[in-house]
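Since the structure comes first, as structure tokens, the remarks are kept for the end.
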Amino acid sequence: IVEFVHTKYKTQRMLDDFFHVSLMHSASLEQVQKYVQQQLGMKKRCDATQCLLLARHQRDRSMDRDHGTRVQDEAWIFVRDTFDNIHAYIFHTFDVGLRTKQNDLQRIIQR
């Protein structure tokens, strides 16, 4: 994956795309989530209680075995953590309570 990001996709483009989605499509995050699920062929949504990427995203990085020791792995750690961030944003923003889904918001407003 690191080679793909550094040769084909480029780190800056990956970050630019993520920032674009988070800034320009924030209001339609539910639709973005559905689109990405369809494009990836995901039959069911990622379960936050079972998601290893979300658990890794929320970890205490100072407890990592290789924290601050392996300079050659910095590129891999950066790419891995960035993909974890993207995954958490797209698939778990609602699960962890950072956003309210439109249907839930409408039910709250109608009360």
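The values are calculated or read from the model by the stated rules, or taken from the named source; none is laboratory data. Worth saying up front: this structure is predicted, and the values here are computed from it rather than measured. Backbone-built Cβ (ideal geometry, glycine too); neighbour counts: all protein chains shown. SASA here: full protein model, heavy atoms, side chains in, ligands and nucleic acids out. Shrake-Rupley method; radii C 1.70, N 1.55, O 1.52, S 1.80 Å.
Surface composition of the chain: carbon and sulfur make up 55 percent of the accessible area, probe 1.4 Å. Rounded to the nearest 0.05, the FRET efficiency derived from the C-beta distance between Met42 and Asp73 at R0 = 22 Å is 0.15. Taking the Cα centre of the chain as origin and assigning +1 to Lys and Arg Cβ atoms and -1 to Asp and Glu Cβ atoms, the resulting dipole is close to 460 debye. Segment Ile108..His25, full-extension length gain: 27.6 nm, with 0.36 nm per residue of separation and the alpha-carbon distance subtracted.
Per residue, the stretch 1-61 exposes an accessible area of 78 Å² to a 1.4 Å probe, with every protein chain left in place. In this simple spin-label approximation, Leu15 and Thr49 carry label points 7 Å from Cα along the Cα→Cβ vector, and these lie 3.7 nm apart. Scaling against 2.2 N^0.38 Å puts the C-alpha radius of gyration of the chain at 1.24.
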